[in-house]
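The block underneath contains the structure these notes are about, expressed in structure tokens.
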Amino acid sequence: MRNWVVNHWLSFFVLATWLGLNVFLFVHAFLSYEKDDKYYYTREILGSALAWARASARCLNFNSMLVLLPMCRNLLSFLKGTCSFRKCSLRKHLDHNLTFHKLVAYMICLHTAIHIIAHLFNFERYSRSRQAPDGSLASVLSNLSQEEGGVYWLNPIQSPNMTVIDVTFTSIPGLTGVIITVALVLIVTSATEFIRRSYFEVFWYTHHLFVIYFIGLGIHGIGGIVRGQTEESMKENHPHRCAESFEKWDDHNSHCKPPQFEGHPAESWKWILAPVVLYIFERILRFYRSQQQVVITKVVMHPSKVLELQMNKRGFSMEVGQYIFVNCPSISYLEWHPFTLTSAPEEDFFSIHIRAVGDWTENLLKAFEQQHSPVPRIRVDGPFGTVSEDVFHYEVAVLVGAGIGVTPFASILKSIWYKFRHADHSLKTQTIYFYWICRETGAFAWFNDLLGSLEQEMEDLGKVGFLNYRLFLTGWDSNIAGHAALNFDKATDILTGLKHKTFFGRPMWDNEFCTIATTHPKSAVGVFLCGPQALAKSLRKCCHQYSSLDPRKVQFFFNKENF
């Protein structure tokens, strides 16, 4: 528990502060509308549903203000650049931006549900009080006529023949409420893990309904369906003094005049204006960078339907583990997909490896496979930072890649090769453990040459123990296993041609972490993963389990790639 607090205290503080502000805003707004005399007559019709609707609306505005900020990638990159590794723990926690974005979205969904349910009760009570023949206070308030520019009326249902559906689709708050609710449902449902993995195009396009959501939210309060008594009216008709004598309001001799009401001013736009403007600048900057010319210098088709693109772009500068967004206008002018850079900062080009796992990537591979057609135009935005940038700040680094998730570590391994070739003595890292888990034997061919070069380089420099890598094959048949067993005594692996043998199955993480902790009893060990959530859960558990309670001894720090 102590290790968890040490590693995540800032994230916990931010999360607690965010939740605390939500609770405070909800309770403060709820009590204001539940107790304020200005809304006394409104509560006579609506009851506590008024406070529930307005409190949830306040939290909706607050979270809508926050939801765009984690998506301002250039802002996050700037903040990371201002923070050194040890002096500013903010740098690492900024990589949880997508997690925070999702949490804020879930909170928006929660308060949207509360807001809608509360307003369903409100409209039902508006309708019931309008049609009530009993002469009650609620009935009298509902029958106040719409005069003098709309000052008097309290009930938006102006006649017994008007229905809730009429008010919903003929008023600005009602119509915009329906539109932004539909947009929110589509955004959230299309952002599920299954949709994002299998139908990224659906996720991409529906997520851009956020534009409709924010426009609708900005004008949602115009029209003032929820109304409160005016300050001038309260001097002539204070609820505590006049509510009980409502039958005499029309009497000229009465000291209590009919109350006047005004709509609650629209305030959503005040909450979202600043982040929307910031995000617009973010998109303008991305658009400007994406228009810069990209020159494709080399195209390589690898096994297992993997395409490698080597490119040049004026002014492009990168660090290990970073990623870019890629667009191919001939396939889709609007779709942008993130890909990790597989090149090293020391190289005079930047590269990505793209595996065909969906319609867009399959179409891209087909476009580059057509030999007699011109090379498709590629647009690039980025690079953007990830947790892997900090890999060289640890004494010991554990790199875990699953399938195509090896790409950020290819950049790291290439950079290590260059650092050793140029005798870079500033390298703090003393040992690297690299685990690559694949289903197909062909996948290992993507970076066989790189691993072979590193093997030879480490031998020539007498640093055989610097890089310890293990390749795991999770999909095999009896023929592959038998062939590997018969050739086990050979100097090189029969599947990869490397000196390290390929393992069949999955790593025993408890054994691996125990060995690392024993070998490096006083080191800070950075564990970096690019892979599925199930694997992340196992590695995170091992990091907590094998970190010493003594801060002077071995400590494991878990880091996961998030796009």
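The values are calculated or read from the model by the stated rules, or taken from the named source; none is laboratory data. Because the structure is predicted, anything quoted here is derived from the model rather than measured. We place every Cβ from the backbone using ideal geometry, glycine too, and count neighbours over all the protein chains shown. Each accessible area value is taken on the protein alone, full model and side chains, heavy atoms only, with ligands, DNA and RNA left out. Shrake-Rupley method; radii C 1.70, N 1.55, O 1.52, S 1.80 Å.
From Val320, Val295, Val306, Val276, grab the single residue that is out of contact with any helix residue (DSSP H, G or I) (no Cβ under 9 Å at 6 or more places or on another chain) and not aromatic (Phe, Trp, Tyr). Can you show your working first?
Working: Val320 fails: out of contact with any helix residue (DSSP H, G or I) (no Cβ under 9 Å at 6 or more places or on another chain); Val306 fails: out of contact with any helix residue (DSSP H, G or I) (no Cβ under 9 Å at 6 or more places or on another chain); Val276 fails: out of contact with any helix residue (DSSP H, G or I) (no Cβ under 9 Å at 6 or more places or on another chain).
That would be Val295, the only listed residue that is out of contact with any helix residue (DSSP H, G or I) (no Cβ under 9 Å at 6 or more places or on another chain) and not aromatic (Phe, Trp, Tyr).
Go through segment 244-254 residue by residue and tally those that are open to solvent by 60 Å² or more (accessible area, probe 1.4 Å) and either in a helix (DSSP H, G or I) or under 20 Å from Cys72 (Cβ atoms) (or both).
Within segment 244-254, the first condition is being open to solvent by 60 Å² or more (accessible area, probe 1.4 Å), and the residues that meet it are 244, 247-248, 250-253.
Filter once more, keeping what is either in a helix (DSSP H, G or I) or under 20 Å from Cys72 (Cβ atoms) (or both): 244, 247-248.
Going through segment 244-254 one residue at a time, the tally reaches 3.
Just to be sure I understand the filter: pairs with C-beta atoms under 8 Å, separated by 6 or more residues or on different chains, first member in segment 319-334 and among the β-branched types (Val, Ile, Thr) and open to solvent by less than 10 Å² (accessible area, probe 1.4 Å), second member part of a loop (DSSP other than H, G, I, E, B) and at pLDDT below 90. Which pairs pass?
Note: pairs meeting the criteria are Val320/Ala344; Val320/Pro345; Val326/Trp336.
Would segment 45-62 turn up any residue that is modelled with pLDDT under 80 and either among the polar types (S, T, N, Q) or open to solvent by less than 40 Å² (accessible area, probe 1.4 Å) (or both)?
No, that holds for no residue.
Which of the following residues is closer than 30 Å to Asn237 by Cβ and open to solvent by 10 Å² or more (accessible area, probe 1.4 Å): Gly358, Gly263?
Gly263
Being modelled with pLDDT under 85, closer than 30 Å to Ser64 by Cα and touching an Asp or Glu at 6+ places or on another chain (Cβ under 9 Å) narrows it down to one of Gln229, Gln260, so name that one.
Only one candidate qualifies: Gln229.
Inspect all residues belonging to segment 283-291 and state whether any of them is surrounded by fewer than 19 Cβ atoms within 10 Å (Cβ to Cβ), in a helix (DSSP H, G or I), β-branched (Val, Ile, Thr) and at pLDDT 90 or above.
yes
Please identify the pairs in which a residue from segment 400-414 that is within 17 Å of Leu427 (Cα to Cα) and surrounded by 24 or more Cβ atoms within 10 Å (Cβ to Cβ) has its Cβ atom under 9 Å from the Cβ atom of a residue that is charged (D, E, K, R) and modelled with pLDDT of 80 or more, counting only partners at least 6 apart or on another chain.
Close Cβ pairs satisfying both conditions: Ser411/Glu319.
Filter segment 257-288 down to the residues that are in contact with a Leu (Cβ under 7 Å, 6 or more places away or on another chain) and of a type in the set (S, T, N, Q) and list them by number.
Passing the criteria: only Ser268.
Within segment 544-562, can one find any residue that is open to solvent by 70 Å² or more (accessible area, probe 1.4 Å), in contact with a helix residue (DSSP H, G or I) (Cβ under 9 Å, 6 or more places away or on another chain) and within 16 Å of His96 (Cα to Cα)?
no
Can we say Val167 is in contact with a Pro (Cβ under 7 Å, 6 or more places away or on another chain) and β-branched (Val, Ile, Thr)?
Working: in contact with a Pro (Cβ under 7 Å, 6 or more places away or on another chain): yes; β-branched (Val, Ile, Thr): yes.
Yes.
Quick check on Lys257: is it over 30 Å from Ile219 (Cβ atoms), in contact with a helix residue (DSSP H, G or I) (Cβ under 8 Å, 6 or more places away or on another chain) and surrounded by fewer than 17 Cβ atoms within 10 Å (Cβ to Cβ)?
Values: over 30 Å from Ile219 (Cβ atoms): yes; in contact with a helix residue (DSSP H, G or I) (Cβ under 8 Å, 6 or more places away or on another chain): yes; surrounded by fewer than 17 Cβ atoms within 10 Å (Cβ to Cβ): yes.
So Lys257 fits the description; yes.
In segment 215-267, how many residues are in contact with a strand residue (DSSP E or B) (Cβ under 7 Å, 6 or more places away or on another chain) and charged (D, E, K, R)?
2
Going by what's in this entry, would Phe200 be described as under 26 Å from His337 (Cα atoms), out of contact with any Asp or Glu (no Cβ under 9 Å at 6 or more places or on another chain) and not basic (Lys, Arg)?
no
Taking Ile222, is it in a loop (DSSP other than H, G, I, E, B) and either open to solvent by 20 Å² or more (accessible area, probe 1.4 Å) or not charged (D, E, K, R) (or both)?
yes
Working carefully through the options Lys248, Lys235, Lys270, find the one that is modelled with pLDDT of 80 or more, over 22 Å from Met65 (Cβ atoms) and basic (Lys, Arg).
Answer to the check: Lys235.
Quick one: what pairs do we get from segment 106-120, first residue farther than 18 Å from Thr189 by Cβ and in contact (Cβ under 8 Å) with a residue 40 or more places away in the chain, second open to solvent by less than 20 Å² (accessible area, probe 1.4 Å) and in a helix (DSSP H, G or I), C-beta under 6 Å, 6+ apart or different chains?
Partner pairs satisfying both residue conditions: Ile114/Ser56; His115/Ala53; His115/Ser56; His115/Ala57; Ala118/Ala49; Ala118/Ala53; His119/Ala53.
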